[in-house]
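Comments concern the structure below.
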Amino acid sequence: MRLVIKIGGSLAFDANGPRLAYLRRVGEVVAVLKKEHQLIVAVGGGQFIRKYLRNVKGKLPNRQIEWIFIELLRANVRLLSFMFGLKPIFDLNEVTKKTTGVVGGIRPGRSTDANAAVCAEKIKADLFIKLTNVEGIFTKDPKKYKSARLIEKLSFGELGKIAEKKTAPAQYGILDPLALAVINRKKIKTVVMSGRNPKHLFDVLQGGPHGTVIG
């Protein structure tokens, strides 16, 4: 299979930096997957980068802050490329149908989700998986509302109606508009699921019921 797996920054990085024990667990799964499948891993920023950005918010224009955000994401990409034995991707023009590697931030105005989706389009991915710190997509924010219900299946159109349309640095919601447009245009099967137990990725590849399936 051709796979793109996006690791949410909140899973991989806390306010003090990389969560190395967690990343090693992901690395064990990646080591198995890359032997059997074509794989691109995407990574977000996490609390460490968000804390950094809060300290410069209001002191620089948003465009400059986004460039700083991208440079910090490049460090995350380097870290995962070393840990997972995959090449870093810093230019989407380098991505072809046979590319494997790790991608993060590329340029202002585009989330790491969008970069992951573009990579999925370029390699003609069979599956795009987004790992988050919740079980999937809910009817409401499950951290605020006990009545929130997990949505097990969504069409691309239905997701577009409920996804948040935030475009400030590090605030893109479930999937940003560009990521939604790409997976919708190419009809890329997408799963949004909890990444707390990376081994559940094996279950998903076997068709197991984890998270929210979009498609």
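Read-outs: derived from the displayed coordinates by stated rules, not from any lab. Bear in mind that the values here come from a model prediction, so they are computed numbers and not experimental data. Using ideal geometry, Cβ is built from the backbone for each residue, glycine included, and neighbour counts are taken over all protein chains shown.
Some points to look at:
- Here's the list of aspartates and glutamates a cross-link from Lys57 could span, going by alpha-carbon distance under 18 Å and ignoring same-chain residues fewer than 8 apart: Glu66, Glu71.
- Near the amide H of Phe138, within less than 5 Å, lie the amide hydrogens of Ile151, all on another chain or at least 5 residues away, with H placed in the peptide plane.
- Inter-part distance where region 1-70 and region 86-146 are each reduced to a Cα centre, Å: 10
- The residues neighbouring Thr96, those whose beta-carbon lies less than 15 Å from its own, together hold a net charge of +3 under the Lys/Arg +1, Asp/Glu -1 convention.
- Within region 184-206, backbone nitrogen closer than 11 Å to the virtual label 7 Å beyond the Cα of Glu135 toward Cβ: 194
- Structure note, pairs Lys34/Lys143; Lys51/Lys98; Lys153/Lys199; Lys124/Lys146; Lys98/Lys186; Lys59/Lys122: Cα-Cα distances above 28 angstrom occur for Lys34/Lys143; Lys51/Lys98; Lys124/Lys146; Lys59/Lys122.
- The residues neighbouring Ala21, those whose beta-carbon lies less than 14 Å from its own, together hold a net charge of +2 under the Lys/Arg +1, Asp/Glu -1 convention.
- Remark: the Ser155-Lys57 segment gains 31.6 nm on full extension, using 0.36 nm per residue and subtracting the alpha carbon distance.
- Relative contact order %, the chain, counting alpha carbon pairs below 8 Å whose residues are six or more apart: 23
- Karplus (6.51, -1.76, 1.60) ³J(HN,Hα), θ = phi - 60°, over region 175-186, in Hz, Gly and Pro reported as x: 8, 6, x, 5, 4, 4, 5, 5, 5, 6, 4, 9
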